[in-house]
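Derivation of every value follows stated rules applied to the coordinates shown; laboratory data play no part. All values derive from a computational prediction rather than experimental measurement. Methodologically, a virtual Cβ is constructed for each residue, glycine included, from the backbone with ideal geometry; neighbour enumeration extends over all protein chains shown.
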Amino acid sequence: MRAGARNLITDVAGLRVGNAQDARLKSGVTCLTADAPFVAAVDVRGGAPGTRETDLLAPDKLVARVDALVLAGGSAFGLDAASGVVAALRAAGRGVRAPLPVPIVPAAILNDLGNGGDKGWDDSPYPALGRAAFAAAGAAFEIGTAGAGTGALTARLKSGLGSASAVLPSGVSVGALVAVNPVGCVTYPGSRAFRAWEWEVGDEFGGLGGPGGRPRDLLAEDTKLPKLGEATTIAIVATDAALDKAGATRLAVAAHDGLARAIAPSHTPFDGDLVFGVSTGTRPAPDPTGVMMLGHAAAVVLARAVARGVYAATPAQGDTKPAWSEL
């Protein structure tokens, strides 16, 4: 498989992504939307998730499509970002008729409250950031220190927002978008090499190859000292292949393998690791073999997106950890 033209989730035609961030706050919001509602599902593997409206994404629930998805920093405060997106969608007349248009905007958050930013607000900044992220949505967007990845950290490094894409031999596109903020780390101990190195396309995260040896002690060298609520990696994987909510759930389940390949450890009790699965449905539904290949591709692009998010992070005043570029 090869990367798409932008190597972003928006290589899945019809999807748009917008970022909004506050450098002083060291936090932000990322919104994924499209011109028309799209199929979405979710799979949660971490022990400390923070979510909004994710129950309705189950295959047996009534609502079949959503208007947008939100990834945000700010822990539980960041869930307010979805309210800003809902307000913007309502102004545009979007939403399920019940009987007035009610925009459907599931959201997930990560905890970046301990990253050195100014968190002394009186009124939550997240609704305004959500509305700004929706307004900024387009085919091109920044990765690294942007959007929901603005204040993200790994065990040893400043982290960020990552994205990657792939085009399968069938012509089906798969993309990933991720805000990387895990207990674990994405590089090997004592090395700049990324754990996702074997899936790299070209030199999209440095072209360094592997570590030249196996890591010595993952727990001793490769994790944060776990503190309640200071972690979580949240992601979206998307395809243009037609999937129902059950198929999109399977896509999200398979994509979690990408987190396990790129982050060690992953899915811990201190992480709220979550993946949304999305289908725009502009290409035919895959056969069982195609479903298998979609899951494999989703895991690969998510692993690559994780590494790209850390690789693209940029230093800023007040950072508590170095960026990869400073190693």
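Ranking Ser163, Pro103, Val85 by how far each Cα lies toward the positive end of the dipole of the stretch 71-211 (charges on Cβ) leaves Pro103 at the top. Scanning the chain for DSSP H helices at least 20 Å long along the axis (C-alpha atoms) with a Kyte-Doolittle mean no lower than 0.5 picks out 288-311.
Just add up the charged neighbours of Gly144: K/R +1, D/E -1, any other residue whose Cβ is under 10 Å from the Cβ of Gly144.
Working: positive: Lys158, Arg308; negative: Glu142.
Net of charged neighbours comes to +1.
Since only Leu177, Gly151, Ala193 are under comparison, the one whose Cα sits farthest along the positive direction of the charge dipole of the stretch 2-326, derived from C-beta charges on Lys, Arg, Asp and Glu, is Leu177. Between amide H atoms placed 1.01 Å from N, distances below 5 Å from Thr187 occur with Arg195, all of them 5 or more places distant or on a separate chain. Charge tally for Val66 (other residues, Cβ to Cβ under 11 Å; Lys, Arg +1; Asp, Glu -1): +1.
Around the Cα centre of the stretch 2-82, unit charges on the Cβ atoms of Lys, Arg, Asp and Glu (plus for the first two, minus for the last two) sum to a dipole of about 320 debye.
Summary value for the stretch 2-326: 25 percent relative contact order, contacts being C-alpha pairs under 8 angstrom separated by 6+ residues.
Over the C-alpha trace of the stretch 2-326, radius of gyration and Dmax come out as 18.0, 61 angstrom. Quick check on the stretch 1-58: take the gyration tensor over C-alpha atoms, sort the square-rooted eigenvalues as a ≥ b ≥ c, and tell me if it's rounded (a/c under 1.5), prolate or oblate. Oblate shape, in that a/c is at least 1.5 and b/c is the bigger or equal ratio.
The count of lysine pairs in the chain whose Cα atoms are under 12 Å apart, excluding pairs fewer than 8 places apart on the same chain, comes to 5.
For the listed peptides 158-167, 27-36, 184-193, 246-255, a ranking on the average number of other beta carbons within 10 Å per residue, highest first, reads 158-167, 27-36, 246-255, 184-193. Its Cα centre serving as origin, the chain has a Cβ charge dipole (Lys and Arg +1, Asp and Glu -1) of approximately 140 debye. Considering helices alone, the calculated mean residue ellipticity of the chain at 222 nm is -6500 deg cm²/dmol, with DSSP H runs of length four and up weighted by -39500 (n - 2.57) and normalised per residue. Of the peptides 72-84, 40-52, 111-123, the order by per-residue mean of other Cβ atoms within 10 Å, starting with the highest, comes out as 72-84, 40-52, 111-123.
Amide H contacts of Leu153 (H built 1.01 Å from N, in plane; Pro and chain starts excluded): Ser159 sit under 5 Å, all sequence-distant by 5 or more or on other chains.
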